[in-house]
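The values are calculated or read from the model by the stated rules, or taken from the named source; none is laboratory data. Please read all numbers here as calculations on a predicted model, not as lab measurements. Neighbour counts are summed over all protein chains in view; Cβ atoms, including those assigned to glycine, are modelled from backbone coordinates with ideal geometry.
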Amino acid sequence: MPSSDKPFDMRSPLAQRLRDAAEQHRTADSAAPTQRLDFSQLINLHGESSVAVLLMLLAVVSVLPVAGAGTIMSLGIWAIAWAWLRAHSSVQLPTRLGQIKLSARWSGRCLQGLAWIYEQSNRFLRPRWTFWLHTGTRMWGGSWIALMGLVIFLPLPLGNVLPALSLILLSLGWMFRDGLALLLSCASGAAAVAYVIWLWELVSNAAIAAWTALPW
């Protein structure tokens, strides 16, 4: 896992900074409705680009209604999986990711959503069950991130929601040193994999039924 032994410090005004940015965006959008936020600006608002922060941002953006967001974000998620396996504290993402722009409407919603995530995390997450954060779990963590990236990559109806939630919980669990969040990440990720299997069986059975019903 990324080489950091300190829990994420939410005493910093990050959540408020995001809400202020959302308000500024709303005000600017009233004057110029085409005001849009790109991924690099989201990173800059955080003031850091650690692996855990980047992973959470990629997961959040992957569920937004942006054309091709899931496919492009999954590439960044795989890059983070590789960095996680190698215990790198930072990663160089493809330039194209930073150029992805959200719509004017979803730019403000994304900022508000991120602020809410940090506020709730500060209330409920804390260092516990830290044995789940041992460096020996690095291989598991990187593989899990890659698997969730694959599920996000697949063009499935609502297929991004559960794996994105799993990655968000994984990121927050690492930031706050909270092993319970990591277990919840496993649960939502397992549900995502189960959904893929169920949908595959549903489509396969429907295809077989349609094939056998053809008048040969």
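Out of Ser204, Ser171, Ser143, which single residue is surrounded by 15 or more Cβ atoms within 10 Å (Cβ to Cβ), assigned to a helix (DSSP H, G or I) and of a type in the set (S, T, N, Q)? Outline the logic, then answer.
Details: Ser204 fails: surrounded by 15 or more Cβ atoms within 10 Å (Cβ to Cβ); Ser143 fails: surrounded by 15 or more Cβ atoms within 10 Å (Cβ to Cβ).
Exactly one residue qualifies, and that residue is Ser171.
Take the conditions within 15 Å of the chain's Cα centre (by Cα), at pLDDT below 85 and of a type in the set (A, V, I, L, M) and apply them to Leu97. Does it pass? The answer is yes for Leu97.
Give the residue that is nearest to Ala15 (Cα to Cα), with candidates limited to residues of region 127-140 that are free of Cβ contacts under 8 Å to residues at least 60 places away in the same chain and in a loop (DSSP other than H, G, I, E, B). Explain how you work it out, then say what you get.
The first filter runs over region 127-140 and keeps only residues free of Cβ contacts under 8 Å to residues at least 60 places away in the same chain, leaving 128-132, 134, 136, 139-140.
Subsequent filtering for residues that are in a loop (DSSP other than H, G, I, E, B) retains 129, 134.
Numbers: Trp129: 25, His134: 28 Å.
Across region 127-140, the extreme among qualifying residues is Trp129.
Here Ser185 passes the criteria (1) in contact with a helix residue (DSSP H, G or I) (Cβ under 6 Å, 6 or more places away or on another chain); (2) not in a helix (DSSP H, G or I) except the one numbered (2). In the set (1) loosely packed, with under 15 Cβ neighbours inside 10 Å; (2) at pLDDT 75 or above; (3) within 16 Å of Ala115 (Cα to Cα), Ala59 fails one condition alone, (1). Somewhere in region 31-53, is a residue modelled with pLDDT of 80 or more, under 30 Å from Phe131 (Cα atoms), touching a Phe, Trp or Tyr at 6+ places or on another chain (Cβ under 7 Å) and small (Gly, Ala, Ser)? There is at least one residue in region 31-53 that is modelled with pLDDT of 80 or more, under 30 Å from Phe131 (Cα atoms), touching a Phe, Trp or Tyr at 6+ places or on another chain (Cβ under 7 Å) and small (Gly, Ala, Ser). Just one residue in the set Leu102, Leu125 is under 22 Å from Gln41 (Cα atoms) and crowded, with 17+ Cβ neighbours inside 10 Å; that residue is Leu102. Of all residue pairs spaced 6 or more apart or on separate chains, those with beta-carbon atoms under 6 Å, a first member in region 187-216 that is closer than 26 Å to Ile145 by Cβ and a second member that is hydroxyl-bearing (Ser, Thr, Tyr) are Ser188/Ser166; Gly189/Ser166.
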